[in-house]
1. Under a crude label model (7 Å from the Cα following the beta-carbon direction), how far is Asp203 from Arg81 in nanometres?
2. Which value in nm describes the separation of the simple spin-label points at Thr39 and Asp211, placed 7 Å from the Cα toward the beta carbon?
3. Taking a ≥ b ≥ c as the square roots of the eigenvalues of the Cα gyration tensor of region 45-171, is the shape rounded (a/c under 1.5), prolate (a/b larger than b/c) or oblate?
4. Quick one: net charge around Thr34, please, counting Lys, Arg +1 and Asp, Glu -1 for every other residue with C-beta under 11 Å from its C-beta.
5. Pull up all non-local amide H partners of Thr117: gap of 5 or more, or a different chain, and H-to-H distance under 5 Å with H placed in the peptide plane.
6. If you take the beta carbon distance between Gln148 and Thr22 as r and set R0 to 41 Å, what does 1/(1 + (r/R0)^6) give as a FRET efficiency, to the nearest 0.05?
7. Give the calculated FRET efficiency between Arg193 and Gln105 to the nearest 0.05, with a Förster radius of 22 Å applied to their Cβ-Cβ distance.
8. What does the charge add up to near His178, with Lys and Arg as +1, Asp and Glu as -1, over the other residues with Cβ less than 12 Å from its Cβ?
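The numbers here are math on the coordinates, done by the rules we state, and not lab data. Model, not experiment: these values are computed from the prediction. With ideal geometry, Cβ positions are generated from the backbone for all residues, glycine too; neighbour counts draw on all protein chains shown.
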Amino acid sequence: MRTPSIVAHVEPLRLWGLVKPTGRDLAGDDSHTTFYLRTNEDSGMLTFASALDAEIYRQRLLGCGQSGWLRAPLEQIDLERLMSGRPERQRRLMLALGFSASDTQVLLQDDQQLLITPLLPVSVNMLHTLHGVSRLCIEQEIFDFVEQWWDRVGGHQYSDLMRITAGWSDSRLAQSAHHALDRAAFANLRSFREQWGSTGHGDECAVFSPDANAWQFSSLSGPRVRALH
């Protein structure tokens, strides 16, 4: 892989996390916690390359009774402090790539009614300067993969659309996320598998297109073979 860099595109993708204020620490500074995910294989800080996806997830958390979470650019989150108390294997980003879906075009959720996201584990690598400033370094291949994934699921130029939405106001993002959730159907992953035996032939992913005001679904591992119900 090439030398790590966070700025290889003219307009680099911004990454987003979810934080919750926890009061003030001993130094008197505002203290935050961040949203961590644990799967059977990996664990790490939930991160989004799409501001819209981050807002959709945040609103879903609120709808499930988990209030207080805020969407924040990753460069404004003190990753070193938040990662320092974690075991080495947990010092990673879990980069969300849209939302998991079934081949009946419903979004899948866990037993807590939280949305399930396809995840790409990314190691945290902090670059320290002589002036004591730290910044996150991510290999360019990660960003290239995300954009290719977006265009595969959301259609041609979907990655360009996500770059545009990153600059939207909070109110506009919130409105678009509300529309997305309002237009989505949901199913519990466990119940869905009990009914069908699987979620379908091939992994399904969904992303919301603000231009079309609709969800875009894509089979990632082959054609759909089950009729929609």
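1. Distance between the two pseudo-spin positions: 3.4 nm.
2. Distance between label points: 2.9 nm.
3. Values: a/c = 1.67, a/b = 1.34, b/c = 1.25.
Prolate, because a/c is 1.5 or more and a/b exceeds b/c.
4. Details: positive: Lys20, Arg81, Arg86; negative: Asp78.
Summing Lys and Arg as +1 and Asp and Glu as -1 gives +2.
5. Under 5 Å from the amide H of Thr117: Ser100.
6. Details: r = 37 Å, r/R0 = 0.91.
The formula returns an efficiency of 0.65 here.
7. Values: r = 16 Å, r/R0 = 0.75.
About 0.85, to the nearest 0.05.
8. Working: positive: Arg58, Arg60, Arg172, Arg183; negative: Glu55, Asp182.
Every neighbour counted, the sum reads +2.
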